[in-house]
Amino acid sequence: MPTPHIQASKEDVAPYVLFFGDPLRSKNAAEKFLHDYKMINSIRGALGYTGYTSNNVRISIMTHGMGQPSLGIYAYELINYYDVKVIIRAGTCGAYQKDLNLGDIIFAKEVITDSNWPSLHNLDNSTVMKADNNLLSIGEKQVQKLNIPYQIGTILTSDVFYDNNKDAWKKYYQQGILGVEMETYALYQLASQFNIKALSIVSVSDSYHNHQEMTPEIRSKLHNMVTLAITILEEIAQ
Ligand code: HPA
């Protein structure tokens, strides 16, 4: 049944979803990694596709947009109207720790937030949300084959990209938080509420300690992150 935000029919969405913020990343990933795929959504440009991986596992690729309110809408509808059972977000983050370099991968084992999302869902704002352990252990096994530096730990989901307080990040740095993005908390909270599996894998796209930019070589590592996410979906689908 289509929703106000997703036009796909129920049969057109697979139970295993790869979730991107950027619609063009969804499109490029479908073109590169899927065969016999079709577009299942274009409402608001939140492009979605369903097709088969090279190992013939049927998955959907869907766009969640930027920030928790946007991801929250798509994740809620995928779970509650399309019976999606596993969601892996593959995104980017800013690194808080010095030993993280551009292109490194972070597995968000845990996530905290500076937002009001928890209290809107009857949780204390200090509640830590967690990734699905099964997805995490499959991911850790697979990443070692790809030879990409990675860390597993806690990230921050923030509601601000342009923070008025330029020193706000130092508090998280001192707490050992690995990095910051803007969606994972809502994903893990909804996964927990509705009893599905979720994992966020984020690639470092910028650092709070220096002002490096992503080179084409580092961007190609994003490709590795997508390969990794698809491999995890394939294994959990078995
Ligand atoms: N802040 C929030 N989200 C992000 C960042 C950041 O620095 N980098 C990539 N996503």
TODO: Could you give the size of the charge dipole of the chain about its Cα centre, using +1 on the Cβ of each K and R and -1 on the Cβ of each D and E, expressed in debye and rounded to the nearest 20?
DONE: 260 debye
Task: In degrees, nearest ten, helix 68-82 long axis to first principal axis of the chain (Cα) - done: 30 degrees
Task: Gain on full stretching of the segment that runs from Asn116 to Lys170 - 0.36 nm per residue minus C-alpha separation - done: 17.4 nm
Open item on the list: Which of Tyr81, Tyr49, Tyr185 ends up with the largest GNM mean-square fluctuation for the chain, with Cα atoms connected below 10 Å?
Closed with: Tyr81
Open item on the list: Which aspartates and glutamates, if any, have their Cα less than 18 Å from the Cα of Lys130, not counting same-chain residues under 8 positions apart?
Closed with: Glu110, Asp114, Glu140, Glu181, Glu183
TODO: Give me D for the range 1-153 in µm² s⁻¹, whole number, from Stokes-Einstein with Rh from the Kirkwood sum over alpha-carbon pairs, 20 °C and 1.002 mPa s.
DONE: 128 µm²/s
Task: Whole-number accessible area per residue in Å² for the range 22-77, which is evaluated in the context of all protein chains at 1.4 Å - done: 47 Å²
Open item on the list: As an exercise, take the mean of 1/r over every pair of distinct alpha carbons in the range 186-227, invert it, and state the Kirkwood radius in angstroms.
Closed with: 12.6 Å
TODO: Give me the percent of the accessible area of the range 1-156 that comes from carbon and sulfur atoms, probe 1.4 Å, all protein chains in place.
DONE: 50 percent
Open item on the list: If you split all Cα-Cα distances of the range 109-227 into 10 Å bins from zero, what percentages do you get per bin, shortest first?
Closed with: 12, 40, 36, 12, 0
- [ ] Figure the gain on full extension for Phe161 and His223 (residue separation times 0.36 nm, minus the Cα-Cα span) and round it to one decimal in nm.
- [x] 19.9 nm
Open item on the list: Can you tell me the orientation of helix 23-33 relative to the chain, as the angle in degrees between its alpha-carbon axis and the longest Cα principal axis, to the nearest 10?
Closed with: 60 degrees
- [ ] Show which lysines lie in cross-link reach of Lys98 when reach means a straight Cα distance below 21 angstrom and same-chain residues fewer than eight apart are skipped.
- [x] Lys109, Lys166, Lys170, Lys171, Lys221
Open item on the list: Considering the Cα positions of the range 62-112, please state its Rg to one decimal place and its Dmax as a whole number of Å.
Closed with: 13.7, 42
Open item on the list: At 222 nm, what value in deg cm²/dmol follows for the chain if DSSP H runs of at least 4 each add -39500 (n - 2.57) and the sum is divided by all its residues, to the nearest 500?
Closed with: -11000 deg cm²/dmol
TODO: Can you tell me the dipole magnitude for the range 1-66 around its Cα centre, using point charges on the Cβ only (Lys, Arg +1; Asp, Glu -1), in Debye to the nearest 20?
DONE: 80 debye
Task: For the range 99-211: accessible area per residue (Å², 1.4 Å) - done: 49 Å²
Task: Beta bridges by DSSP in the chain, antiparallel share as percent, to the nearest 5 - done: 35 percent
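The values are calculated or read from the model by the stated rules, or taken from the named source; none is laboratory data. Keep in mind that what you see is a predicted model, and the values were worked out from it rather than measured. Neighbour counts run over all protein chains shown; Cβ positions are idealised from the backbone, glycine included. With ligands, DNA and RNA removed, areas are computed over all heavy atoms of the protein, side chains included. Shrake-Rupley method; radii C 1.70, N 1.55, O 1.52, S 1.80 Å.
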